[in-house]
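None of the figures in this text is laboratory data; all of them are computed from the coordinates on show. Keep in mind that this is a model prediction, so the values were computed, not measured. Cβ atoms come from the backbone with ideal geometry, glycine included; neighbour counts cover every protein chain shown.
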Ligand SMILES: NC(=O)c1ccc[n+]([C@@H]2O[C@H](COP(=O)([O-])OP(=O)(O)OC[C@H]3O[C@@H](n4cnc5c(N)ncnc54)[C@H](O)[C@@H]3O)[C@@H](O)[C@H]2O)c1
């Protein structure tokens, strides 16, 4: 190795890889992003960012202008000192993670890397993947490391630049230190550990977060059944510092490209090792049950057969701030309603996923035109600021189901609309007790 700056290569320029490449260039590194999608690479070279992610367009264009960031389609350009694998690891039919993208990349890297290069998994992978990676690379002069990524879509650039921690796993502390060098200018703790532990951290963290959401959603169902108010309950329990306010909000059920995949991956890991992991399997089953419950609640609030109904749906992405619809709970709602015969008028600010029987509308109000029910499926802030009087004039029936709890109950009630939302049992009779006395909705937001 010479004293020159290390060349960083990022393989895969999707949500994780593009953010990683652009942010590392921003930190002053020389970065090459390699992707097999030629159209994407050509667009990126022109500074066109194919995903919706706050701050990413500016990061990419500044990287291109500075000359520290470039994009290539061929592995001939992947001969970096540190190579970060940001490739898909989708779920297989058996529930574990498909490592074929990692294997394919490793076999191509084998022919181009210089001795001493480090191949790092940033993709979420099952524990033990480092052994497969070493086998696929089949080069004793190369090292491997694990550096799981924790960024959240919608705030990916911010999360990359201000992480709670950076986790690096390696068999050799010198290798770990070289990977840690990428992040030295960030003011974040760098946790160096062994390879297996680093690989486990990401899946364990996501399984824990999913469990937290499953718990809150279960509590919302308890509130509905007993007349409790989930906002009040959350305010009461989240103020205990051992519990905290993060991820303490009911919704339509968790989804997205990570939680379903990672929880299933953890369950598969248990099966492979003959371990009972009842919390993990219950977390998944609880989410499935919650999605069934939301579907039934929406149908009940509609009060007529879905085959005779038009339903306006606001939101298709799995969360606000992204165009990602992978495993989106919003789309799960849409698909279930459409499959039961409802006409769906859908509006999302950034995504237009193709779903049979769904009409995409020009804006949120257009979606409401003559609909029998409005369902808010994604928490885009603009939905929370919508003119509910206008919504009330457009709807054919005065009913709103806010799966995300983003509407102001007082404004909805003032517009003459009936509001349904998870965790508010009293709302089934109209407005909740608290709204009726004008206190609005409390609790952590
Ligand atoms: N999306 C997230 O929020 C997030 C967060 C943390 C971790 N992860 C993990 O990171 C990994 C990547 O996720 P993502 O959401 O960025 O995926 P993605 O699908 O958005 O991006 C993957 C990219 O890899 C490219 N690609 C596929 N095969 C390739 C190959 N052989 N060589 C080069 N490029 C190739 C694709 O064209 C695509 O651009 C996954 O393991 C995921 O679980 C994702």
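You can think of it this way: the chain between residue 246 and residue 396 has 50.3 nm of extra reach, that is 0.36 nm per residue less the Cα-Cα gap.
Rounded to two decimals, the Cα-based Rg/Rh of region 7-66, with Kirkwood Rh, is 0.90. For region 167-278, a Kirkwood radius taken over Cα pairs fed into Stokes-Einstein (37 °C, viscosity 0.692 mPa s) yields D = 195 µm²/s. Diffusion coefficient (Stokes-Einstein, Kirkwood radius over C-alpha pairs, 10 °C, 1.306 mPa s) for region 232-274: 124 µm²/s, rounded to a whole number. Taking 0.36 nm per residue of separation and subtracting the current Cα-Cα distance, fully stretching the chain between residue 104 and residue 365 would add 89.3 nm.
For region 207-436, the percent of C-alpha pairs falling in each 10 Å distance bin, counted from 0 to the bin holding the largest distance, reads 8, 33, 36, 18, 4, 1.
Looking at region 7-193, the DSSP beta bridges with both ends there are about 10 percent antiparallel. Note on region 100-167 and region 276-313: Cα centroid distance 37 Å, given to the nearest whole angstrom.
Taking 167, 83, 355 in turn, the Gaussian network model of the chain (Cα-Cα springs below 10 Å) assigns the largest fluctuation to 355. Using C-alpha pairs below 8 Å separated by at least 6 residues, the relative contact order for region 309-408 is 31 percent.
Could you work out Rg/(2.2 N^0.38 Å) for region 327-379, with Rg from alpha carbons only? Normalised by 2.2 N^0.38 Å, the Cα Rg of region 327-379 equals 1.03. Note on residue 79 and residue 186: with the Förster distance fixed at 30 Å, the Cβ-Cβ geometry gives a FRET efficiency of about 0.70. Quick note on the chain: its Rg to Rh ratio, both from C-alpha atoms and Rh being the Kirkwood radius, is 1.01. Of all the options 340, 54, 176, the one that moves most in a Gaussian network model of the chain with Cα springs shorter than 10 angstrom is 340. Cβ-Cβ distance of residue 215 and residue 93, R₀ of 25 Å, FRET efficiency by 1/(1 + (r/R0)^6): the value works out to about 0.30. Across q = 0.16, 0.18, 0.26, 0.28 Å⁻¹, region 108-165 modelled as identical point scatterers on its alpha-carbon atoms has Debye log10 I(q)/I(0) values of -0.61, -0.71, -0.99, -1.08, in the order of the q list. Expressed as a fraction of 2.2 N^0.38 Å, the value expected for a compact globular protein of N residues, the C-alpha radius of gyration of region 9-115 is 1.07.
Do you know the relative contact order of the chain, to the nearest whole percent, from alpha carbon pairs under 8 angstrom that are 6+ apart? Don't skip to the end; give the middle numbers.
Details: 916 pairs, mean separation 53.0, N = 445.
Here the relative contact order equals 12 percent.
Prolate is the label for region 96-237. Its Cα gyration tensor axes, ordered a ≥ b ≥ c, give a/c of at least 1.5 and a/b above b/c.
With semi-axes defined as the square roots of five times the eigenvalues of the C-alpha gyration tensor, the equivalent ellipsoid of region 288-425 measures 19, 17, 15 Å, largest first. Which residues among region 292-307 fall inside the zone where the amide N is under 11 Å from a point 7 Å beyond the Cα of residue 222, along Cα→Cβ? Within reach of a label on residue 222, which here means backbone N under 11 Å from a point 7 Å along Cα→Cβ, region 292-307 contributes nothing. Taking a ≥ b ≥ c as the square roots of the eigenvalues of the Cα gyration tensor, an a/c ratio below 1.5 marks region 7-193 as rounded.
Put a dot 7 Å past the Cα of residue 131, heading toward its Cβ, do the same for residue 42, and the two dots end up 4.4 nm apart.
A Förster radius of 41 Å combined with the Cβ-Cβ distance from residue 111 to residue 304 puts the calculated FRET efficiency at roughly 0.05. Spatial offset of region 169-188 relative to region 208-253 amounts to 37 Å, using the alpha carbon center of each. Relative to one another, the C-alpha centroids of region 378-405 and region 4-72 are positioned 38 Å apart.
For residue 350 and residue 197 in the same chain, what is the full-extension length gain: residue separation times 0.36 nm, less their Cα-Cα distance, in nm?
That pair, residue 350 and residue 197, stretches by 51.3 nm at full extension.
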